[in-house]
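Chemist: Right, I'll just put the structure down here and ask away after.
Read-outs: derived from the displayed coordinates by stated rules, not from any lab. The structure displayed is predicted, hence computed values, not measured ones. Glycine gets a Cβ as well: all are built from the backbone with ideal geometry, and neighbour counts include every protein chain shown.
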Amino acid sequence: MDQERSTDNQKPPFFNSWRPFYFLVIGALVLQIIVFYAITRYFE
Amino acid sequence: MSYLDWGVLVGTLAFIAVYGMWKTRGSQNIEGYLKGNNSEKWWTICLSIMATQASAITFLSTPGQAYEDGMRFLQFYFGLPIAMVIIAISFIPIYYRLKVYTAYEFLESRFDLKTRSLAAFLFLVQRGLAAGITIYAPAIILSSILGWNVNTTSLIIGLVVIIYTVTGGTRAVSVTQKQQMAVMMGGMIVAGLIVINMLPPEVSFYDAVQVAGKMDKLNLINFSFDWNDRYNVWSGVSGGLFLFMSYFGTDQSQVARYLSGKSVTESRLGLLFNGLLKIPMQFIILFIGVMVFVFYQFVQPPVFFNKVAKEKLYETPYAGNLIQLEAEHNANFKEKSRVVREMLRGIQAEDEPAIAAARTELNGIEAEGKAIRTEVKGLLQKANPQAEVKDTDYVFISFVMQYMPTGIIGLLLAVIFCASMSSTSSELNALASTTVIDMYKRSIRPEASGAHYLQASKLFTVGWGMFAILFATLASQLDNLIQAVNILGSLFYGTILGIFVVGFYLKSIKAHAVFWAAVLAEALVILTYTTTEIGFLWLNPIGCLLVIGLGYFFQAVLPQKR
């Protein structure tokens, strides 16, 4: 089974490398903070 | 509760347990039992990780917290996506390369046996106690609502989990968690839609959100830094980052979830999607709590949400005081509801002075309402000094039992049972694998066959399950136990994370130095907790940084082994 397991060289879906995927996750966090801040200010 | 609700509850739980056993039937080996033969795809891993983290308290407490305190608790999770990225980059490839069963095996290959055993021991102590609380915490609330004996509820949750976890091992945990997660999220979304639908006809969804905002419940973001404020952006990102790196990177109950992945890619995707989905999920749960709050601005809420505790108070000499306080509470509600409706008319007419006047008036009325509730809690404590006076955990479940339609009540109780069972099954599986791999196989019986270790894993799963149930039944005799165990987690997590951070990133620090650094850091963390007022979330970064700092120190001063 272990021979079948891939190494960390595999690419993620939709991207050519992992780096854009990591930026996607961090970018989503930043975007959510901005949206939540806007909600907080708009409805207060 | 109606027969339909019982049918939905029992049917859902029985289906998941039987499905888990059926799906994982057949012969097994130790690799399959503890690592699921590395066959899981990323979505299973993602759901499994989320289900492990989401305990019953998540669904009971979180809406209540939003009801009381607004949505600021969401900031607690801001460190989680960053932690997911760091673990995906650093931790996963190393765990895969070393083909480990548990996270602590890595520590022996990087340091030595004593460091591995220390980390495994700290995990077993902390997680072993936490498993009991994962069962006990919802059992105490559900037993109060359903009128069951608390020990019976603990026993039911514990035994069902033991049966399918022992039968199918880690694969059964993952398989059942997919179903449990579907029930949990499906149930909560249905609950949210029903709450919104139950608002008075003159209150639109947008009006409800406006009312919540004007009453300070949409306080999602706070950029002000305060050491004593647990929930702001800075404590969420920094304290949360350390906590979640430790929890997801070094706690075997989570590590086992992504080590069951088919490849590094599947494990990474599972964690990264957790980083994408966790905050929206918590947002939904908190938002449901806010909508319950808005609902109770138009419909009379109880003066105390724990109905059983309140009814017990009626049987004491304080009944007269309670009746009087309830009358005051009712009058306070009528006044508040009148002003909220005035504010709503101001919102609909975009009349800012009217809104501002209503808000000022509401502040006074809410302060009065709070004082009345505090007096009720005081009465409860006078009648019984051991009584639990915090009713936040009962806000959502009492709303469900009183206002949700037949069938949905059963579904939402299934949500809470599922959440408890999904966390407990991961914990039992992780406790058994750590006991077998890091203790039994490594130090007690190193030369036995695979079949022997498989049998031992099953026995240890049963053993830890029984320990958790026993602890849950004894828990009622101890005060503030839930908080104690939460603090216990933070006391150990920082040190364990520190050992792993040194192992992954600081190659110049060797085994002897990191071991003594960890021992001293743990003592200092306990000392900090006992002698200062610092919030326990900060103990995570403190413990981690102490291990790193002391590791450098001991590396410089201790005699080096060849």
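Chemist: As a check on your grasp of the helix formula, calculate [θ] at 222 nm for chain B: sum -39500 (n - 2.57) over DSSP H runs of n ≥ 4, divide by the residue count, round to the nearest 500.
Modeler: Helix-only estimate at 222 nm: -26000 deg cm²/dmol.
Chemist: Order the peptides A:12-20, B:3-11, B:182-190, B:33-41 from the highest to the lowest mean number of other Cβ atoms within 10 Å of their residues. Can you show the working numbers first?
Modeler: Numbers: A:12-20: 12.0, B:3-11: 15.2, B:182-190: 19.0, B:33-41: 22.3.
The packing order, highest mean first, is B:33-41, B:182-190, B:3-11, A:12-20.
Chemist: Okay, moving on. Let me know the mean shielding of B:532-544 by other chains, meaning the per-residue number of their Cβ atoms within 10 Å of its Cβ. The partial results should precede the final answer.
Modeler: Details: counts 0, 0, 0, 0, 0, 0, 0, 0, 0, 0, 0, 0, 0.
What the average comes to for B:532-544 is 0.
Chemist: Continuing with this model, one more query. B:Ser253: net charge of surrounding residues, Cβ under 9 Å, Lys/Arg +1, Asp/Glu -1, itself excluded?
Modeler: Numbers: positive: B:Arg127, B:Arg257; negative: B:Asp251, B:Glu427.
Charge balance in the 9 Å sphere: 0.
Chemist: A further question follows. Tell me which DSSP H helices of chain B clear both cut-offs, 20 Å or more of axial length from alpha-carbon atoms and a mean Kyte-Doolittle hydropathy of at least 0.5. Each step should come with its number before you reach the end.
Modeler: On the way: long enough: B:3-23 (29 Å, 1.10); B:113-146 (49 Å, 1.35); B:150-197 (42 Å, 1.21); B:233-250 (24 Å, 1.08); B:264-298 (52 Å, 1.43); B:319-348 (42 Å, -0.62); B:352-383 (46 Å, -0.24); B:408-434 (39 Å, 1.39); B:450-475 (36 Å, 1.04); B:481-505 (36 Å, 1.73); B:511-531 (30 Å, 1.48); B:539-557 (26 Å, 1.65).
Qualifying helices: B:3-23, B:113-146, B:150-197, B:233-250, B:264-298, B:408-434, B:450-475, B:481-505, B:511-531, B:539-557.
Chemist: Provide the descending list of Cα extents for the stretch B:307-389 along its principal axes, expressed in whole angstroms.
Modeler: Projected onto its principal axes, the Cα set of the stretch B:307-389 covers 49, 18, 17 Å.
Chemist: What ranking do B:46-53, B:519-526 get when scored by the average of other Cβ atoms within 10 Å per residue, highest first?
Modeler: Working: B:46-53: 26.5, B:519-526: 18.1.
Most protected by this proxy first, the peptides run B:46-53, B:519-526.
Chemist: When you look at the Cβ of every residue in A:26-37, what mean number of other chain Cβ atoms sits within 10 Å? Present the calculation step by step, with values, prior to reporting the outcome.
Modeler: On the way: counts 5, 1, 7, 12, 2, 0, 10, 10, 1, 3, 12, 5.
The mean count of partner-chain Cβ atoms within 10 Å per residue comes to 6.
Chemist: So, by mean Cβ neighbours within 10 angstrom, what's the order for B:446-453, B:388-395, B:353-360 with the highest one leading? Please report the intermediate quantities before stating the final value.
Modeler: Values: B:446-453: 11.9, B:388-395: 20.2, B:353-360: 14.6.
Top to bottom by mean Cβ count within 10 Å: B:388-395, B:353-360, B:446-453.
Chemist: Which of the lysines could be linked to B:Lys35 by a straight reach, that is with a Cα gap under 28 Å, when you skip same-chain ones fewer than 8 residues away?
Modeler: A:Lys11, B:Lys23, B:Lys99, B:Lys114, B:Lys178, B:Lys262, B:Lys278, B:Lys441, B:Lys458
Chemist: Counting pairs of alpha carbon atoms under 8 Å apart in space and at least six apart in sequence, what relative contact order in percent does chain B give? Kindly include the intermediate steps, with their values, before the conclusion.
Modeler: Values: 869 pairs, mean separation 172.3, N = 562.
RCO, chain B: 31 percent.
Chemist: Under 8 Å for C-alpha pairs, at least 6 residues apart: give me the relative contact order for the stretch B:307-389, rounded to a whole percent.
Modeler: Details: 53 pairs, mean separation 30.6, N = 83.
Over the stretch B:307-389, the number comes to 37 percent.
Chemist: So if I take the centroid of the Cα atoms in the stretch B:168-237 and the same for the stretch B:36-84, what is the distance between those two points in Å?
Modeler: For the stretch B:168-237 versus the stretch B:36-84, the Cα centre distance is 11 Å.
Chemist: Another one. Roughly how many whole Å is it from the C-alpha centroid of the stretch B:87-132 to that of the stretch B:377-426?
Modeler: Between the Cα centre of the stretch B:87-132 and that of the stretch B:377-426, the gap is 35 Å.
Chemist: Moving to a separate point now. Can you spot the lysines whose alpha carbon is less than 20 Å from B:Lys312's alpha carbon? Ignore those fewer than 8 places along the same chain.
Modeler: List returned: B:Lys377, B:Lys382, B:Lys390.
Chemist: Let me ask something else about it. Kindly identify the stretch B:192-270 as rounded, prolate or oblate by the Cα gyration tensor criterion: order the square roots of the eigenvalues as a ≥ b ≥ c, call it rounded if a/c is under 1.5, otherwise compare a/b with b/c, prolate if a/b is larger, else oblate. Write out the running numbers ahead of the final one.
Modeler: Values: a/c = 3.96, a/b = 1.63, b/c = 2.43.
It comes out oblate by the Cα gyration axes.
Chemist: Mind checking the mean number of beta-carbon atoms from other chains within 10 Å of the Cβ atoms in B:211-218? Please report the intermediate quantities before stating the final value.
Modeler: Details: counts 1, 1, 6, 2, 1, 3, 1, 7.
So the per-residue partner count for this stretch is 3.
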